[in-house]
Amino acid sequence: MRAFWGLVWRDTVLAARIGGGFGLGFGFFALVIALVPLGVGPDPETLRQAAPGLLWLAAILSVLISLDRLFQADFEDGTLDILRLSPMPLELMVLAKVLAHWLTACLPLVLAGPLLCPILGLPVEAMVPTGLTLLAGTPALSLIGAIGAALSVGVRRGGLLIAAICLPLFAPTLIFGAGALKAAVDGTEMLTPLVLLAAQSLFALAIAPWAAAGALRVNMT
Amino acid sequence: MGGGRGTARQYDLTPHLASGQFPHRFGCVFKKVDQRIVTHAPTVLGQLHGLANPHRFMGFASAATPWCMALAGTLLIAGLYGALFAAPADYQQGDSARIMYVHVPAAWLAMAGYSGIVIASAIGLIFKHPLADTAAKSMALPGAVFTALALITGSLWGKPTWGTFWVWDARLTSVLVLLFLYVGYMAIWEAIEEPTRAARAAAILALVGAVNVPIIHYSVEWWSTLHQGTSVLRKDGPSMPWSMLWPLLSMAFAYQALFAGIVLVRMRSEILERRLRTRRLSLGEEAP
């Protein structure tokens, strides 16, 4: 267990110190959101209608661009081989890296994402539901993304492959994440989609470490 | 990287495949490899009978392909006659409902193709059998084409019936996502060069996708009822009169025979390609 937390700490610190860390993912998220009115037009009503879906799409994109470093950097410098030789099961190692990825790529969105609600014409009351849906749904993104990242480790143009693999699998998370947020904005009951969103994260937790570890074993030949 | 070739997991069966002298029962190959598999392999693979041997499979496939194609052609002609002339026009939709006879079998095959990939992938992962990997790979492109065909014919049918080519209906959306899953599956085969590695990676993706297909289906259903519940697909499957049912079944079997024929051809060319690859590799090693 010490090795597990040690790996989480190492990856979090590495991500924080190299490549922008906590700020960069959120910066990308904010940029996507800020570009939307330039494309859609500044009409507040239109923006408010589209806001839940846009917030979730931006979250998915910013998770997606951070995924290609999840295993690739450690694969290239050989760290992954050493981790594989350690007594810690590969599944647990995957889980530690996913947790670190969630802390660095998703937690900033959960905490700071709601601040962007006013830009999209959402009321201040929508901030808490925004944070809640991101909190419940982003673990599923990190976990499913880890499968895609593990499958494309050591593959040329792996980033494109990750997108081709992960985006279809993200569909349910997008549907329930945006659905829960829209329900909250419309003032209808948001508990059901929120619980289903959390269920997806738990379900991904049950299968992703094994699938990703299997994929890593295949790709580290 | 790692232990290299000698370890159990990375054992590559390609040379056996290439030589064509594949042992009939896999026990003798796997004996060196993995004690756990030896206990299962003779019985289970024995039930999959002698075709598990690629050499015999090649013979079977080249003999069966013309039969599949002939069956597909005959059933297609019969089914098209039934669909275009014998079957009555739909009392509400008129002649446009005849698109059903090309649309519904394609949609069935879209699902069946992915199920086939999943089953073959599971066999390939568990028994490390290269023929199962080849089967899974060969089913991907035809399956994707039939999925696209289902979407295209469906949207052509939607125009006269619903008044639009596309609605974000639950079933349309989940079939679209299925098409993307096919694309991702094929992308992984393209991206990883070494066949054994690509097969394992693609199989993992196929299984993860299989777990996700029901989730995607139900989430999309939930999502679409939230937005609009007006365009409900016709549900007249079993209540169909015989005059409409037999052309549909004939077309469905024709599609399946065609699919089987195409998959057999693709599997044969894939096996030949692997043999060629191994020959090249061995030649390359011998060169100074």
Lys pairs under 29 Å by Cα in the protein assembly as shown, provided they are eight or more residues apart or on distinct chains
7
List the relative contact order of the range B:85-163 as a percent without decimals, with contacts defined as Cα pairs under 8 Å and 6+ residues apart.
39 percent
Based on a Kirkwood Rh over C-alpha pairs, give the Stokes-Einstein translational diffusion coefficient of chain A at 10 °C and viscosity 1.306 mPa s in µm²/s.
90 µm²/s
Let me know the charge dipole size of the range A:55-140 about its Cα centre in debye, to the nearest 20, where only the beta-carbon of Lys, Arg (+1) and Asp, Glu (-1) is charged.
180 debye
Shape call, the protein assembly as shown: gyration tensor on alpha carbons, a/c limit 1.5
oblate
Dipole size in debye (nearest 20) for the protein assembly as shown around its Cα centre, Lys and Arg Cβ +1, Asp and Glu Cβ -1?
1540 debye
Mean separation of Cα contacts under 8 Å, 6 or more apart, over the residue count of the range A:2-219: relative contact order %:
27 percent
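By counting other Cβ atoms within 10 Å of each Cβ, how are B:TYR185, B:TYR101 ranked from fewest to most?
On the way: B:TYR185 26, B:TYR101 21.
So the residues, fewest neighbours to most, are B:TYR101, B:TYR185.
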Putting +1 on Lys and Arg Cβ atoms and -1 on Asp and Glu Cβ atoms, find which of A:THR46, A:LEU14, A:LEU24 reaches farthest to the positive end of the dipole of the range A:2-77.
A:LEU14
Can you list the trypsin sites (Lys or Arg not before Pro) in the range B:80-167 that are in a DSSP coil and have 15 or fewer other beta carbons within 10 angstrom?
none
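Rule-based calculations on the coordinates, nothing more; no lab input. What you see is a predicted model; the values in this text were computed from it and never measured. Every residue, glycine among them, receives a Cβ derived from its backbone with ideal geometry; neighbour counts consider all protein chains shown.
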